[in-house]
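The values are calculated or read from the model by the stated rules, or taken from the named source; none is laboratory data. As the structure is a computational prediction, the values presented were derived from the model and not from experiment. Note that we place each Cβ from the backbone using ideal geometry, even for glycine, and neighbour counts take in every protein chain shown. Side chains included, ligands, DNA and RNA excluded: accessible areas come from the protein's heavy atoms. Shrake-Rupley method; radii C 1.70, N 1.55, O 1.52, S 1.80 Å.
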Amino acid sequence: MSETLHYDVVVAGGGLVGASAARALAERGLKVALFERRYCGAQASGVNYGGVRCQGRPEVQLPLAMRARRIWDRLPELIGIDGEFVRSGHLRLARRESDLEPLDAWSAMAQNYGLSTTVFRGTEFRERFPWLGDGAVGGSLCMSDGHANPRLVSPAFARAARALGADVRERTPITSVTHDGVRFQLTAKPDTGDELHVSCDWLLNTSGAWANHIAGTFGERVPMHAIYPNMWVTEPLPKFVGHNLGVYGGGVYARQVERGNCVIGGGRGTGDGEYAQPSADTTRAVMREACALLPALRNALLIRTWSGVEGETPDDNPIIGMSRTTPRLVHAFGFSGGGFLLAPGVGEVLADLVTQGETATPIDAFAVDRFATVPATNAEV
């Protein structure tokens, strides 16, 4: 039998949450290993829409979101690149007059967390945003929000973790995990090479849509199912979209990158819990709505569509925090399509829990035991 490798912390899952946690822990001097069954940032973390927004989040997420947002300004220092992060502002559109009142209410609430938004309506809205079509009657603008390129950001956090001394192992799935009463005992099987035997004092479950494999092993399976966000990108167009766009009530989101391409998303693709693919029917339906909001898209050529696999919880809030059954097991998954902004902040929170036993950022609303334990179904992951 090969020698057992020992680490202070093993991170199971190399998405943006896991990679940011590995970087933060390595920076604090711990011996860290990150195991990813494919490539770091290749799943939801690397194929999402790329919105970096605090606006529109439920109140319980705002302390974490504000902590995370401050980290995005430090990307060059932390990971060596800016990840094409642009502080474009996020404009949350109202499609009907009745949508403006909740936008006003959200704006007032967000002020309590130091987040400033401005709601526009009527003539002022039309004059401020002449590039918008009749599909919107008003909107709330948060200028501190923006967007970035997930294909760059997620792998860069993993590279930064490695540069700080973390043992980052891609194409190396964890095949079994137990707790012997003192430490976690794991086996992992790289695509090439012999099976690895690993022990660790702490285990971070950051396995995204597949996190119930570990959570369930320790009696903490949550009612999470796979979703497949549907996205596409246009040919380069003359610059006209002034902000990262969302819509109150959901349905469509859009942004334009410096090269002129418009990244648009909405609805769901299809998948089997393991792989995802975009839906042409969904793309056509949502594109009609996008064109009502952005008339300049009507003759645009779509050059690529894609999807990814993400885990969604019943309340659309993630699972973040200590296990209730197993010492030194920490969960962070189920981000329900809204984890891109949050992930660097979550990584810091996880590092707090490991090194300090607590965090100053409120996370009680994300406890793993807030749902009744349910048996697995075919729709769950």
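Summary table
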| read-out | value |
| --- | --- |
| Charge dipole magnitude, Cβ of K and R +1, D and E -1 - segment 207-331, Cα centre, debye nearest 20 | 320 debye |
| Globularity ratio of the chain, using Cα Rg and 2.2 N^0.38 Å | 0.99 |
| Interchain or long-range residues, amide H under 5 Å from residue 89's placed H | 145, 146, 244 |
| In order through segment 114-123: 3J(HN,Hα) via Karplus (6.51 cos²θ - 1.76 cosθ + 1.60), integer Hz, x for Gly, Pro | x, 10, 9, 9, 10, 9, 10, 8, x, 4 |
| C-alpha center-to-center spacing [segment 226-274, segment 97-124] in angstrom | 23 Å |
| Local net charge near residue 305, Cβ-Cβ under 12 Å (Lys/Arg +1, Asp/Glu -1) | +1 |
| HN-Hα J in Hz across segment 226-237 - Karplus 6.51, -1.76, 1.60, θ = phi - 60°, x for Gly and Pro | 7, 10, 9, x, 9, 9, 7, 9, 8, 4, x, 10 |
| Built amide H within the under 5 Å cut-off of residue 252, gap 5+ | 247 |
| Local net charge near residue 349, Cβ-Cβ under 11 Å (Lys/Arg +1, Asp/Glu -1) | -2 |
| HN-Hα J in Hz across segment 360-368 - Karplus 6.51, -1.76, 1.60, θ = phi - 60°, x for Gly and Pro | 6, 7, x, 10, 4, 5, 9, 4, 5 |
| Accessible surface, per residue, of the chain when the full set of protein chains is kept, probe 1.4 Å, Å² | 41 Å² |
| Segment 2-39 versus segment 157-216: alpha-carbon centroid distance in Å | 7 Å |
| Heavy-atom accessible surface of segment 277-381: percent carbon and sulfur, 1.4 Å | 49 percent |
| With every protein chain in place, segment 140-269: carbon and sulfur % of accessible area (1.4 Å) | 52 percent |
| Placed amide H near residue 15: partners under 5 Å, 5+ positions off or other chain | 41 |
| Segment 1-129 - percent of accessible surface contributed by carbon and sulfur, probe 1.4 Å | 48 percent |
| With at most 14 neighbouring Cβ atoms within 10 Å, loop GluC sites (Glu not before Pro) (DSSP) excluded, longest segment of the chain | 4-194 |
